[in-house]
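Notes to accompany the following structure.
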Amino acid sequence: MKGAVSVVILCLAMVLAGAAGAAVSGVCSNCHVMHNSRDGSSLSSSPVDHLLVDDCVGCHSTTTASTIESLGGCPVPKVFNTGGYPPSPLAGGNFYYLSQGGGYDRYGHNVLGIASPDSFLTHVPGKLYGGAPKTITECYNCHKMMPGGPFYYPRSGDILICVDCHAEPRHHLDDSAAVVVDGSGGWYRFINWVKGIEDSDWEQTVSSADHNEYLGETAAGGDSFSELACMCHGDFHVFSNPSGVGTGSPWLRHPSDIALPASGEYAAYTVYDPQVPVARPDLSSYSGPSDVVTPGTDQVACVSCHRAHGSPYPDMLRWDYSAMLVNDPTNPAAGTGCFRCHSGKDD
Ligand code: HEC
Ligand code: HEC
Ligand code: HEC
Ligand code: HEC
Ligand code: HEC
Ligand code: HEC
């Protein structure tokens, strides 16, 4: 089939050319079903929004170990590998451990269709509303009037759904020409109001010069990833809650969107480590990812330590916190995790 072959080639060419985040491609029927009925059978147990053949979890899951699979020639990023944590997870990590229940509830965000409600976190940490902590259900009861934001859609129980964070997916927008993706490209990874540089293979392959670029900020409302994408935990953000986080050393909570000082232990972090990303307060001069870290400018961010979906470690950290042994010459984690920035604590 000549048509199918050229679609495959087009999709591959887009991946190889490093397109920022191309639109979906291929025949409509790969992804849409007009009446949720085909050859007399239903594709989904109940019809899905936008006449889709599957829901978010379904299309973005796989039983294999790979994290990008072809759907009629179009690459689909996989965020839930049902058989085990994948060897090449994408930037947000993977939901695998959340499907294992019990203590693994600590390893990521508990999302409907993959996990049960979190057995450790009964309320949303880092967001006091009216001075008191709230459950997801309480957040929803107020937010259900506000489309385009988190907790707009109903669910039963204290559990997240994909569209709490990816509020208005725009799979048909072609943002491959943009360097810094904004609203005209469906925002960074379909997260409303968040801007950034999207790695073409979602960091399936990753190195100091091959990665996403996250936006930081130097004042509140500067549209940083840490302020906007992590808004549900705003009390942990330096400019959203200065009295709770602090405004300088000594800090009260770990800051995010604060530049690595250009002196002392922080000055040693100069080559970008994708296991410990930094945010850039201004991406306008970037034409793509950079392998340079500039202490004095580049900033610590929520994603310096966490992955958005889930990780192989408690607190959805990017590395094993319990392996960070201070002042230990035998420390196997030397130079990684906390030590990438706090190099002086690693003797
Ligand atoms: C590779 C998968 C894929 C293919 C192929 C695809 N779509 Fe979609 N489409 C989606 C997804 C996912 C959505 C969900 C909502 C969104 O992101 O906009 C969507 C949403 C839509 C929407 C509603 C939102 C909008 O942008 O207007 C329309 C209409 C639509 N598709 C039409 C089509 C038509 C017509 C074709 C074929 C010419 C097609 N789609 C092919 C995945 C696909
Ligand atoms: C029919 C299959 C299908 C369904 C259903 C679907 N997606 Fe996707 N999704 C895709 C494909 C294909 C891509 C890669 C192309 C692209 O980036 O638009 C993608 C990409 C994405 C991305 C990455 C966007 C980027 O900028 O790289 C996110 C986030 C996403 N989907 C979220 C969702 C959410 C949330 C839902 C449910 C509302 C959903 N998807 C439903 C097929 C699907
Ligand atoms: C009493 C009602 C109420 C409750 C409870 C509530 N919110 Fe909100 N929230 C709002 C309103 C109103 C806004 C819009 C504020 C604005 O932008 O002016 C908002 C905005 C937000 C935003 C910014 C995104 C947006 O749509 O503007 C986030 C994130 C958020 N709330 C998270 C939470 C979380 C997490 C909880 C539960 C811990 C929660 N909210 C509980 C009323 C509420
Ligand atoms: C708590 C918020 C949150 C929830 C819930 C969430 N995502 Fe994401 N997702 C993100 C963020 C943030 C990123 C960008 C990660 C990065 O670039 O570091 C992302 C990235 C993605 C990507 C691109 C691949 C990658 O790892 O960068 C896809 C696809 C995606 N999400 C799909 C989904 C699906 C499907 C669901 C529901 C099963 C879901 N997300 C639930 C926040 C969330
Ligand atoms: C310097 C690394 C680092 C940064 C930056 C960071 N975190 Fe954390 N976070 C951690 C660690 C480590 C834990 C585990 C708690 C502990 O034992 O200290 C944690 C725990 C959490 C928890 C769970 C709290 C609980 O009660 O269990 C949330 C929610 C959280 N972080 C959100 C954020 C948000 C949002 C940001 C950005 C505004 C952020 N973190 C920035 C390292 C970090
Ligand atoms: C991406 C870089 C980065 C990473 C990774 C990082 N930090 Fe930090 N940390 C900073 C910056 C920047 C500051 C603020 C420094 C300043 O204002 O002088 C800071 C401040 C701190 C402080 C407060 C210092 C004070 O003077 O009050 C502590 C404690 C701390 N970090 C511990 C940790 C731990 C533990 C980890 C690992 C879980 C970690 N950090 C990971 C960059 C980082």
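Restricted to segment 167-189, and to residues there that are within 12 Å of ligand 2 (Cβ to nearest atom) and closer than 25 Å to residue 276 by Cβ, the residue that is surrounded by the fewest Cβ atoms within 10 Å (Cβ to Cβ) is 189.
Total residues in segment 180-208 satisfying the condition of being part of a loop (DSSP other than H, G, I, E, B) and either within 16 Å of ligand 6 (Cβ to nearest atom) or over 20 Å from residue 232 (Cα atoms) (or both): the figure is 13. Residues in segment 325-347 that are more than 29 Å from the chain's Cα centre (by Cα) and part of a helix (DSSP H, G or I): 344 only.
For segment 141-154, the criterion of being outside any loop (DSSP other than H, G, I, E, B), away from ligand 6 (no atom under 16 Å from the Cβ) and either within 20 Å of the chain's Cα centre (by Cα) or among the polar types (S, T, N, Q) (or both) is met by at least one residue.
Step by step: first the residues of segment 249-272, then only those that are among the small types (Gly, Ala, Ser) and either on the phi > 0 side of the Ramachandran plot or part of a loop (DSSP other than H, G, I, E, B) (or both), then the one that is surrounded by the most Cβ atoms within 10 Å (Cβ to Cβ). Which residue is that? The extreme case among them is 256. Within segment 85-100, identify whether any single residue is touching a Gly at 6+ places or on another chain (Cβ under 9 Å), among the aliphatic types (A, V, I, L, M), outside any helix (DSSP H, G or I) and at negative phi, and answer yes or no. Scanning segment 85-100, I find no residue that is touching a Gly at 6+ places or on another chain (Cβ under 9 Å), among the aliphatic types (A, V, I, L, M), outside any helix (DSSP H, G or I) and at negative phi, so the answer is no.
Checked against (1) modelled with pLDDT under 95; (2) closer than 27 Å to residue 75 by Cβ, residue 130 passes all but condition (2). Taking the conditions (1) part of a loop (DSSP other than H, G, I, E, B); (2) touching a residue at least 40 places away in the same chain (Cβ under 8 Å); (3) within 14 Å of residue 299 (Cβ to Cβ) in turn, residue 275 satisfies each one other than (3). Show the residue pairs that are 6+ apart or on different chains and have beta-carbon atoms under 7 Å apart, the first residue being within segment 294-310 and over 15 Å from residue 340 (Cα atoms), the second being of a type in the set (Lys, Arg) and part of a loop (DSSP other than H, G, I, E, B). These pairs meet every condition: 307/318. With respect to residue 29, is the statement that it is within 19 Å of the chain's Cα centre (by Cα), small (Gly, Ala, Ser), at pLDDT 95 or above and more than 16 Å from ligand 6 (Cβ to nearest atom) true? Taking the combined requirement at face value, the residue does not satisfy it. Selection of segment 296-316 for residues being out of contact with any helix residue (DSSP H, G or I) (no Cβ under 7 Å at 6 or more places or on another chain), surrounded by fewer than 22 Cβ atoms within 10 Å (Cβ to Cβ) and in a helix (DSSP H, G or I) yields only 305. Just checking, does segment 143-153 include any residue being within 16 Å of ligand 1 (Cβ to nearest atom), closer than 26 Å to residue 214 by Cβ and at pLDDT 95 or above? Yes: segment 143-153 contains one or more residues that are within 16 Å of ligand 1 (Cβ to nearest atom), closer than 26 Å to residue 214 by Cβ and at pLDDT 95 or above.
Annotation note: of 334, 268, 262, the sole residue that is more than 15 Å from ligand 5 (Cβ to nearest atom) and in contact with an Asp or Glu (Cβ under 6 Å, 6 or more places away or on another chain) is 334. Screening segment 209-218 for residues that are surrounded by 21 or more Cβ atoms within 10 Å (Cβ to Cβ) and in a strand (DSSP E or B) and picking the one that is nearest to ligand 5 (Cβ to nearest atom) gives 214.
The values are calculated or read from the model by the stated rules, or taken from the named source; none is laboratory data. Given the structure is predicted, the values throughout are model-derived calculations rather than measurements. Methodologically, a virtual Cβ is constructed for each residue, glycine included, from the backbone with ideal geometry; neighbour enumeration extends over all protein chains shown.
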